[in-house]
Amino acid sequence: MSETIDQVEEQAKLKLDTLRTPEELASFRIAYLGKKGKLAALMEKIKTLPIEEKREFGGRVNQLKNYLEKSFEAKSELLHRVQKKPEFFDETLPAIYPRLGRLHPITQTIREISQIFERLGFDVVDGPEIETEYYNFTALNIPLDHPSRDAFDTFYTEGGQLLRSQTSTVQIRVMQTKKPPLRIIAPGRVYRPDTVDASHSFMFHQIEGLMVDDKTTFSDLKGVLHLFLRELFGSEVKIRFRPHFFPFTEPSVEVDLRWGSRGWLEILGAGSVDPNVFDAVGYNSKQVQGFAFGLGVERIAMLRHGIEDIRLFYENDIRFLRQF
Ligand code: PHE
């Protein structure tokens with residue numbers, strides 16, 4: 001007889017552990033605690049027992065009954081709480097990670113390029129974005145009738161100032177306040193009234209470099225730029241120097257980069273600083289020489305990351321930005 005109590009007890013305990021839904025709870029209650037349930041059956045049995053066994057058997061059935069009722073109550077309460085969704089904690093869900101910010105790909109590119117030049121002894125300097133014609137053109141040996149001075153190519157402000165169209169302005173400002181030897185790079189925003197499309201923007205970033213001392217030559221320029229481009233694009237990089245014209249450098253070149261199936265891509269402008277620029281800042285153009293170069297940051301970031309549309313940099317779309 002008491003074996004049956006043991007059996008009921010064992011089955012009931014196992015079953016209790018598996019209960020998950022209101023339906024399972026209900027069927028457990030019916031099967032064990034209900035009027036026709038297993039406990040009721042054990043109770044029934046008490047009547048049929050001889051007096052000597054009634055007491056002990058009855059006591060045990062009662063104990064089991066109390067135990068199962070309490071456990072069932074606790075289990076129902078637990079499941080009930082779990083069913084109320086907001087308080088339900090599912091520890092198997094993936095963790096919620098805090099969103100980490102990161103640097104904009106243009107900032108990253110500027111920093112990377114700056115670090116390469118810093119290792120070569122260049123200082124990073126800054127200058128104003130609202131400039132005068134003098135710094136943006138005149139001191140840079142750009143004649144009054146040069147097309148870049150045209151309102152179609154430069155934003156002018158009402159007070160006769162302009163938004164710089166190149167960071168070469170910073171060269172002039174630094175040379176006015178410092179004597180050679182000089183090694184600087186000037187990263188920053190520049191503005192040109194270009195129609196916005198996949199490769200043009202009315203605002204973009206440049207990095208301008210300048211080195212001046214008593215015997216900086218064109219071959220120093222070639223060496224520095226080659227080293228820089230190898231650092232940035234890898235030691236296999238193929239470049240070529242193509243003759244060009246800039247008012248502020250003489251001789252001038254454009255540097256092209258070999259880019260797989262796309263052939264040669266223009267990547268920067270450079271040259272030996274024109275003596276007229278040295279004269280404009282009060283350097284003795286017979287005693288100093290130097291080189292300058294300028295590059296577009298977006299161009300480089302687009303090449304390195306395979307980005308096809310410059311507008312992606314400015315749209316603030318987190319899905320784009322978080323890839324870098
Ligand atoms: N300032 C030139 C440009 O914006 C680039 C450049 C800089 C060329 C320095 C030569 C020397 O296109």
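Solvent-accessible surface of the chain, taken per residue with a 1.4 Å probe and all protein chains present: 59 Å². Based on C-alpha pairs under 8 angstrom that are at least 6 apart in sequence, the chain has a relative contact order of 14 percent. Amide H contacts of Glu266 (H built 1.01 Å from N, in plane; Pro and chain starts excluded): Leu257 sit under 5 Å, all sequence-distant by 5 or more or on other chains. The 3J(HN,Hα) values that the Karplus relation (6.51, -1.76, 1.60; θ = phi - 60°) gives for segment 69-80 are, in residue order, 4, 5, 4, 5, 4, 4, 5, 4, 5, 4, 4, 5 Hz. Gly and Pro appear as x.
Counting only DSSP beta bridges with both residues in segment 105-321, the antiparallel share comes to about 95 percent. Residue by residue, segment 264-277 carries 3J(HN,Hα) couplings of 7, 10, 5, 10, 7, x, 6, x, 7, 4, 5, x, 4, 5 Hz when phi is fed to the Karplus relation 6.51 cos²θ - 1.76 cosθ + 1.60 (θ = phi - 60°); x denotes Gly or Pro. For the peptides 197-204, 51-58, the ranking by packing is 197-204, 51-58, with the highest mean count of neighbouring Cβ atoms within 10 Å listed first. Restricting segment 267-324 to GluC sites (Glu not before Pro) that sit in a DSSP loop and have at most 11 other Cβ atoms within 10 Å of their own Cβ leaves Glu308, Glu315. In segment 112-225, Cα pairs under 8 Å separated by at least six residues give a relative contact order of 26 percent. Element breakdown for the chain at a 1.4 angstrom probe: carbon and sulfur atoms account for 53% of the accessible area. Within straight-line reach of Lys13, meaning a Cα separation under 29 Å, sit the following lysines at least 8 residues removed in sequence or on another chain: Lys35, Lys36, Lys38, Lys45, Lys47, Lys54, Lys65, Lys70, Lys75, Lys84, Lys85.
The values are calculated or read from the model by the stated rules, or taken from the named source; none is laboratory data. Every value quoted in this text rests on a predicted model; they were computed, and no experiment measured them. All Cβ positions, glycine included, derive from the backbone under ideal geometry; neighbour counts span all protein chains shown. Please note that ligands, DNA and RNA were not included when accessible areas were found on the heavy atoms of the full protein model with its side chains. Shrake-Rupley method; radii C 1.70, N 1.55, O 1.52, S 1.80 Å.
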